[in-house]
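Here's the structure, in structure tokens; my notes come after.
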Amino acid sequence: MDIEHKIYLDYAASTPLDERVLEVMLPYFNEIFGNPSSIHSYGQRAEAAVEGARETVASIFNVAPEEVIFTSCGTESDNLAIRGAAFSKREATGANRILISPVEHHAVLETAHQLSKHFGFILEFLSVDEFGRIDPEEVKASIKKDTAIVSVIHANNEIGTINPIGDIATVCRERGVLFHTDAVQAAAHLAINLEVTPVDLLAIGAHKFYGPKGVGCLVVRKGTRLLPVITGGSHEYALRAGTPNVPYIVGLAEALKLTTQNLDTRSNSLRALRDQLIDGVLASVPRCRFTGHPRERLPNHASFVFEGVDANLLLVMLDMAGFACSSGSACKVGAPKPSEVLIAIGLSKSWAMGSLRVTIGKDTTKEMIDRFLSVLPRLVEQVRKNKL
Amino acid sequence: MSGGVDSSVAAALLKERGYSLVGLMLRLWSEPGREDENQCCTPDAVMQARRVAARLGFPFYVIDSREYFYKTIVQSFIEGYESGMTPNPCMSCNEKVRWGFLLEQARGLGAEFLATGHYARLQRDDSGRFSLLQAKDVLKDQSYVLSRLNQQQLEHSLFPLGDYLKTEVRAIAQKYNLETAQRKESQDLCFLGHKDYREFLTRNSPKIMANGKIVNRKGEILGEHRGLASYTIGQRKGLGIAVDTPLFVIEKDQKNNRLVVGYENELSFTELIATDANWIAGTAPASDFKAEVKIRYKAKLSPATITIIDEKNFQVSFDEPLRDITPGQYAVIYDGDVVLGSGVIRKTHFEGNVI
């Protein structure tokens with residue numbers, strides 16, 4: 001099937017670049033190409049673009065421009081937050097514990113694992129309820145006097161559940177512990193106002209909200225000390241060395257600005273389509289369960305598990321039928337394993353191996369959902385039947 | 001697809017002929033912790049096949065068959081050795097995994113045919129019946145390992161390389177700029193990596209590696225063996241017996257855990273009984289017929305008379321005595337370049353003296 005006739009239902013994986021974003025990026029590839037660190041006017045024009053982008057992002061999150069650090073992606077932002085804070089805090093106070101949720105993105109989880117395995121930190125996990133939510137009271141009870149940093153994902157990528165970030169941040173602030181949140185999925189759909197939400201560190205990546213791949217940012221609250229992960233020149237307030245990626249930084253700011261316009265209206269229409277999808281799947285596929293929180297979830301996010309289904313194979317079948325989706329357990333080299341997130345919310349292996357994530361976006365129509373619903377039950381049945 | 005030159009060129013040839021293609025690779029079982037040693041489906045091989053598919057412009061997917069492969073192939077490989085056989089897991093993999101599980105999945109995806117890079121030819125006669133024939137490249141011919149297939153499987157099979165020489169295949173790869181995995185061709189089993197099968201058996205079935213006595217046909221004890229699975233019929237080296245005339249492994253007496261050795265003339269048999277018969281046409285050509293037989297993949301064709309015992313069993317009587325007939329391997333029956341069928345060698349008959 002031609003790619004033009006395929007239906008893309010994987011907006012949580014990546015989104016197409018908005019034409020308007022592309023427009024504002026283009027001059028910075030060859031016209032305004034100077035190095036922002038240079039003294040001359042070429043450099044100054046590039047620097048102005050980066051600083052303009054910084055102000056845009058800062059005003060959207062309600063922080064000061066110097067609290068916005070541009071990076072190469074959401075993963076790098078998570079790395080800088082966790083690794084940078086852990087080392088810095090330990091050096092300053094001896095705090096040696098890292099407390100995270102069991103439903104973190106791998107960018108946080110694997111960084112924390114490495115710090116524990118190779119650098120002597122003690123890694124501790126919070127628990128989650130059946131929807132994958134963290135209880136702020138448990139965070140409060142789990143913080144110890146030598147806890148260096150707490151990290152809880154804002155909205156989970158696999159099951160779409162939104163965490164009570166404001167309450168968790170408040171608890172951490174009260175206990176005097178740094179709090180980081182991975183808002184890579186959340187930033188595309190939720191209004192984030194850091195004037196009222198006392199998080200210390202917040203990570204985003206541009207390609208989740210119709211910006212380019214290869215650029216992200218980390219909000220670092222004033223007074224939060226980080227040891228840089230990438231060392232070199234004193235770019236980005238000496239927190240992230242390397243010549244700033246000017247066109248991409250401009251693109252991130254523009255995409256974020258466009259995303260936050262009419263956020264409520266867009267969320268409402270996405271939610272309506274999404275609910276049609278969820279109701280349709282639950283009504284037509286036997287031995288199917290919905291995963292994640294029914295209400296506190298990303299407006300574009302639907303996720304399911306099907307008992308006795310090889311999710312890898314279901315994705316292949318869906319792709320052949322013209323639908324691009326994803327699954328937490330899928331693996332491109334054909335060695336799927338149940339995702340940590342689905343195990344954490346209490347699913348058994350026979351359910352967790354059959355997960356499907358369907359995420360919609362600005363180009364999704366009701367007709368596309370109808371077409372998806374017209375083939376999914378048959379394909380699930382076929383995958384179950386073909387299982388040897 | 002394996003990422004190697006043969007399956008990549010097979011894909012290129014089909015693309016040239018106008019087929020709409022989907023690339024599939026089987027993720028087979030590897031011993032836990034040894035995944036990177038596997039001969040066929042390492043992450044490197046997956047990437048290689050993915051690049052070939054992208055270059056030729058068709059989708060590519062990896063199908064997980066680890067569990068099924070373990071249950072149907074690895075377990076019977078171990079059980080085969082446990083019962084004194086020398087199993088041929090690649091043959092059963094073709095029968096059950098590739099033309100079983102994989103064909104099923106391919107058909108499920110809407111595919112009409114399962115094409116592979118095997119060197120063999122298919123012919124369809126006027127009545128719609130399929131014949132399996134040796135490849136044009138006799139040195140690369142793989143019809144032996146396809147001899148377990150039936151009409152239903154062949155009907156949905158394509159072997160685009162059957163009419164090409166390996167040298168031609170390499171030239172086509174070059175023409176399409178197919179940078180394929182430069183793995184050396186190996187007779188090793190995929191799940192053993194480059195390691196010896198004995199190490200694998202020691203880890204996975206310690207009891208079959210139990211020491212025992214080496215005896216001659218009269219029952220005289222000549223030495224000590226390191227586990228019957230360590231030896232193959234016809235083996236001469238590594239027996240650890242000092243004698244003037246060389247001794248060879250002629251039989252594995254599983255029941256008494258004894259390795260039977262003898263002189264070279266005792267290795268030759270004129271008969272074998274094969275079981276689990278598969279006739280490609282559906283039935284045997286006659287109850288009694290002349291044909292040529294291969295007793296292992298790289299063996300020569302040997303003239304023989306085939307006598308059908310019943311639906312599942314047949315007897316092969318060779319015109320000349322044959323060395324190294326090994327229970328567990330396959331006897332594949334040819335009429336000229338046509339594969340008639342095959343069976344698993346169950347037992348051999350010692351010349352003039354039935355075991």
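Return yes when B:Leu132 is of a type in the set (A, V, I, L, M, F, W, C), more than 14 Å from every other protein chain (Cβ to nearest Cβ) and part of a strand (DSSP E or B) and no when it is not.
Here the answer is yes, as B:Leu132 does meet what is asked.
Identify, please: which residue in the stretch B:134-153 is of a type in the set (A, V, I, L, M, F, W, C) and surrounded by 20 or more Cβ atoms within 10 Å (Cβ to Cβ) and is, among those, nearest to the chain's Cα centre (by Cα)?
The qualifying residue nearest to the chain's Cα centre (by Cα) is B:Val145.
Within the stretch B:207-222, work out how many residues are loosely packed, with under 15 Cβ neighbours inside 10 Å and more than 16 Å from B:Met85 (Cα to Cα).
Within the stretch B:207-222, residues that are loosely packed, with under 15 Cβ neighbours inside 10 Å and more than 16 Å from B:Met85 (Cα to Cα) number 5.
Within the stretch A:71-87, can you find the residues that are touching a Lys or Arg at 6+ places or on another chain (Cβ under 7 Å) and not in a helix (DSSP H, G or I)?
Residue satisfying the conditions is A:Thr71 alone.
Condition first: away from chain A (no Cβ under 14 Å) and under 26 Å from A:Leu315 (Cα atoms). Now tell me which residues in the stretch B:85-113 satisfy that.
B:Asn94, B:Phe113
Quickly run through the stretch A:319-352 and pick out the residues that are in contact (Cβ under 8 Å) with a residue 12 or more places away in the chain, in contact with a helix residue (DSSP H, G or I) (Cβ under 6 Å, 6 or more places away or on another chain) and of a type in the set (A, V, I, L, M).
A:Ala321, A:Ala330, A:Leu342, A:Ala352, listed by residue number.
Quick one: in the stretch A:292-327, of everything that is among the hydroxyl-bearing types (Ser, Thr, Tyr) and within 14 Å of another protein chain (Cβ to nearest Cβ), which residue is nearest to A:Phe209 (Cα to Cα)?
In this case the residue turns out to be A:Ser326.
For the stretch B:1-29, which residues satisfy the criterion of being within 21 Å of the chain's Cα centre (by Cα), farther than 21 Å from B:Gln105 by Cα and not aliphatic (A, V, I, L, M)?
B:Gly4, B:Asp6
Any idea which of (1) in a loop (DSSP other than H, G, I, E, B); (2) crowded, with 23+ Cβ neighbours inside 10 Å; (3) assigned by TED's automatic domain parsing to the domain that holds A:Tyr28 is the one A:Gly251 doesn't satisfy?
Tallying (1) in a loop (DSSP other than H, G, I, E, B); (2) crowded, with 23+ Cβ neighbours inside 10 Å; (3) assigned by TED's automatic domain parsing to the domain that holds A:Tyr28, A:Gly251 fails exactly one: (1).
When only residues in the stretch B:306-332 that are hydrophobic (A, V, I, L, M, F, W, C) and under 13 Å from B:Lys347 (Cβ atoms) count, which is surrounded by the fewest Cβ atoms within 10 Å (Cβ to Cβ)?
Here the answer is B:Ile309.
Given the conditions (1) closer than 20 Å to B:Arg107 by Cβ; (2) at pLDDT below 90, which single one is not true for B:Tyr61?
Result: B:Tyr61 passes all but (2).
Looking at B:Asp310, B:Asp288, B:Asp276, B:Asp253 in this structure, which one is acidic (Asp, Glu) and at positive phi?
Exactly one of B:Asp310, B:Asp288, B:Asp276, B:Asp253 is acidic (Asp, Glu) and at positive phi, namely B:Asp276.
Would you mind telling me which numbered condition in (1) touching a residue at least 40 places away in the same chain (Cβ under 8 Å); (2) over 29 Å from B:Phe77 (Cβ atoms); (3) part of a loop (DSSP other than H, G, I, E, B) B:Pro321 fails?
Checking B:Pro321 against (1) touching a residue at least 40 places away in the same chain (Cβ under 8 Å); (2) over 29 Å from B:Phe77 (Cβ atoms); (3) part of a loop (DSSP other than H, G, I, E, B), the one that fails is (3).
For the stretch A:336-379: of the residues being within 12 Å of another protein chain (Cβ to nearest Cβ) and surrounded by 18 or more Cβ atoms within 10 Å (Cβ to Cβ), which is modelled with the lowest pLDDT?
Filtering the stretch A:336-379 for residues that are within 12 Å of another protein chain (Cβ to nearest Cβ) and surrounded by 18 or more Cβ atoms within 10 Å (Cβ to Cβ), the one modelled with the lowest pLDDT comes out as A:Pro336.
Take the stretch B:38-49 and flag every residue that is more than 8 Å from chain A (Cβ to nearest Cβ) and either on the phi > 0 side of the Ramachandran plot or not hydroxyl-bearing (Ser, Thr, Tyr) (or both).
Correct list: B:Asn38, B:Gln39, B:Cys40, B:Asp44, B:Ala45, B:Met47, B:Gln48, B:Ala49.
Filtering the stretch B:9-56 down to residues that are among the hydroxyl-bearing types (Ser, Thr, Tyr) and modelled with pLDDT under 95, which residue is nearest to B:Phe200 (Cα to Cα)?
By that ranking, first place goes to B:Ser30.
Considering (1) of a type in the set (Ser, Thr, Tyr); (2) surrounded by fewer than 22 Cβ atoms within 10 Å (Cβ to Cβ); (3) closer than 23 Å to B:Glu199 by Cβ; (4) within 13 Å of chain A (Cβ to nearest Cβ), say which one B:Ser76 fails and leave the rest.
(4)
Which residue out of B:Leu272, B:Leu239 is over 26 Å from B:Ser147 (Cβ atoms) and surrounded by 14 or more Cβ atoms within 10 Å (Cβ to Cβ)?
B:Leu239
Scan the stretch B:50-73 for residues that are crowded, with 17+ Cβ neighbours inside 10 Å, part of a helix (DSSP H, G or I) and within 12 Å of chain A (Cβ to nearest Cβ) and report the count.
Selection size over the stretch B:50-73: 5.
For the stretch A:35-56, state whether one or more residues are among the aliphatic types (A, V, I, L, M) and assigned to a loop (DSSP other than H, G, I, E, B).
yes
For the stretch A:294-388, which helices (runs of 4 or more DSSP H) that fit wholly inside it have 2 or more residues that are among the polar types (S, T, N, Q)?
Passing ranges, in order: A:366-386.
The values are calculated or read from the model by the stated rules, or taken from the named source; none is laboratory data. This one's a predicted model, so the numbers in the text were calculated from it and none came from an experiment. Every residue, glycine as well, gets a Cβ built from its backbone with ideal geometry; the counts of neighbours run over all protein chains shown.
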